[in-house]
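Structure, as structure tokens:
Laboratory data are not the source of any read-out in this text; all were calculated from the coordinates shown. From a predicted model like this one, the values you see are computed outputs, not experimental measurements. Neighbour counts are summed over all protein chains in view; Cβ atoms, including those assigned to glycine, are modelled from backbone coordinates with ideal geometry.
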């Protein structure tokens, strides 16, 4: 009996294409951040803290979507560079909150325009309706995988 093979070319894989687009997007953004001494790893934490200062390390990990050890490493780098300080919460002494320093806050006006330039370049040649559909499609993909993760967790708790 002949063994049946399954074909699924990389170019047909949405994941493969998203990864390729994401790698190029990040490489381009990094070229803007690098002269300021900011790494892509730090970038995600700046974005979260510019939106809401005073988050805990766990909250930052969740918002950025990284593991605690990676978060700790990036926060250590940012603290050494003088961009953040960590303070014990006055409401819950067990929690450490992360705050931007004045230097960290000032970077927002320098670096955020690069994110806009990067995004505009990525969307060059797209019509407004294509951009809207792209955002819709990407959000749907995120929602689909979030639902799948929840289903798996529920299934594991039902089995255990």
Quiz item: Just 84, 141, 96 to compare: in a GNM of the chain, with alpha carbon springs under 10 Å, which one fluctuates most?
Solution: 141
Practice problem: Compute the label zone of residue 148 within segment 14-28: residues whose backbone N is under 15 Å from the point 7 Å along Cα-to-Cβ. | Solution: 14-19
Self-check item: Relative contact order computed over segment 15-124 (Cα-Cα under 8 Å; 6+ residues apart), in percent
Solution: 26
Quiz prompt | Among 51-59, 124-132, 15-23, the order from most to least packed when residues are scored by Cβ within 10 Å on average | solution = 51-59, 15-23, 124-132
Quiz prompt | residue 99-residue 7 FRET efficiency (beta carbon distance; Förster radius 45 Å; 0.05 resolution) | solution = 0.30
Exercise. Sort the following peptides by mean Cβ neighbour count (other Cβ atoms within 10 Å, averaged over residues), highest first: 144-150, 105-111.
Key: 105-111, 144-150
Exercise. Compute the separation of the alpha-carbon centres of segment 112-135 and segment 1-70 and state it in Å as a whole number.
Key: 17
Self-check item: Compactness of segment 15-124, expressed as Rg and Dmax over alpha-carbon positions, Å
Solution: 14.8, 49
